[in-house]
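These notes are about the structure you will find just below.
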Amino acid sequence: MVARLTELGWTVGVAESLTGGLLVASLVTVPGASACVRGGIVAYDTALKTSLLGVDAAFLAEHGPVQPKVARQMAEGVRDATAVMGERADVGVATTGIAGPTSPDGQPVGTVHIAVATALGTRIESLQLDGTRDEIRDQTVRRALRLLLEAL
């Protein structure tokens, strides 16, 4: 992943809710990650999704944070949030979902939405994962990395 981003000369910004920093941590474990990883925002609190990532506050208030549209807006917004000297990150990756053990809004535990945004568009993957809280978060990171690689 890091090698491919570096080869393309692309940068990546990460916006996480469900995964709480695990996704960006997995990227920066790779030597050379500083050439392409701009950083990450853990917007665990719903209000941060709006203030830091530009997610539509009215949509959040009406539908909640575990929605494909929220993942899309997070991925698109983190490209701007991790801009350096006015240059957006080339890729934005976002995760939102419910890892459990209970659901705050009635959606099933394991409901996950991942988005990857580039200049060519945004791809969203919606999943229903099984497992413990840690297993759901780990599976989400693996799926997000795969979706990112596919976008490259």
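Tabulated data
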| item | result |
| --- | --- |
| Computed helical MRE - 222 nm, the chain, DSSP H runs ≥ 4 contributing -39500 (n - 2.57), nearest 500 | -11500 deg cm²/dmol |
| Global size of segment 25-65 as Cα Rg and Dmax, reported in angstrom | 14.2, 42 |
| Segment 129-149 and segment 10-37: distance between their alpha carbon centers, rounded to Å | 14 Å |
| Rounded accessible area per residue of segment 60-116, 1.4 Å, Å² | 41 Å² |
| Computed label-point distance, nm, for sites residue 87 and residue 128 using a 7 Å Cα→Cβ extension | 4.4 nm |
| Protein accessible area in segment 1-128, 1.4 Å probe - carbon and sulfur % | 57 percent |
| Residues with amide H under 5 Å from that of residue 41, placed H, sequence gap 5 or more | 14, 15, 16 |
| Highest-fluctuation residue, 18, 53, 127 considered, GNM on the chain with Cα pairs under 10 Å | 127 |
| Among 2, 127, 147 the positive-end extreme of the charge dipole of the chain (Cβ point charges) | 2 |
| Cα-derived Rg over Rh, computed across the chain with Rh taken as Kirkwood radius | 0.95 |
| Integer Hz, Karplus 6.51/-1.76/1.60 couplings in order for segment 50-66, x for Gly and Pro | 7, 5, 9, 10, x, 5, 4, 5, 5, 5, 4, 5, 7, 10, x, x, 9 |
| Candidates 73, 139, 128: whichever shows maximal mean-square fluctuation once the chain is modelled as a Gaussian network with Cα springs under 10 Å | 128 |
| Relative contact order of segment 76-119, defined on C-alpha pairs under 8 angstrom at six or more residues apart (%) | 39 percent |
| Longest to shortest principal axis, alpha-carbon extents of segment 85-152, angstrom | 41, 21, 19 |
| Check: segment 83-152 dipole with +1 on Lys, Arg Cβ and -1 on Asp, Glu Cβ, in debye | 60 debye |
| GNM top mover of 13, 100, 77 - the chain, alpha-carbon springs below 10 Å | 100 |
| Relative contact order %, the chain, counting alpha carbon pairs below 8 Å whose residues are six or more apart | 24 percent |
| Contact order normalised by residue count of segment 1-71, Cα under 8 Å, 6+ apart, percent | 30 percent |
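The values are calculated or read from the model by the stated rules, or taken from the named source; none is laboratory data. Since the model is a prediction, treat every value here as computed from it, not as a measurement. No Cβ is skipped: glycine too gets one built from the backbone with ideal geometry, and neighbour counts run over all protein chains shown. Accessible surface areas use protein heavy atoms only, side chains included; no ligands, DNA or RNA. Shrake-Rupley method; radii C 1.70, N 1.55, O 1.52, S 1.80 Å.
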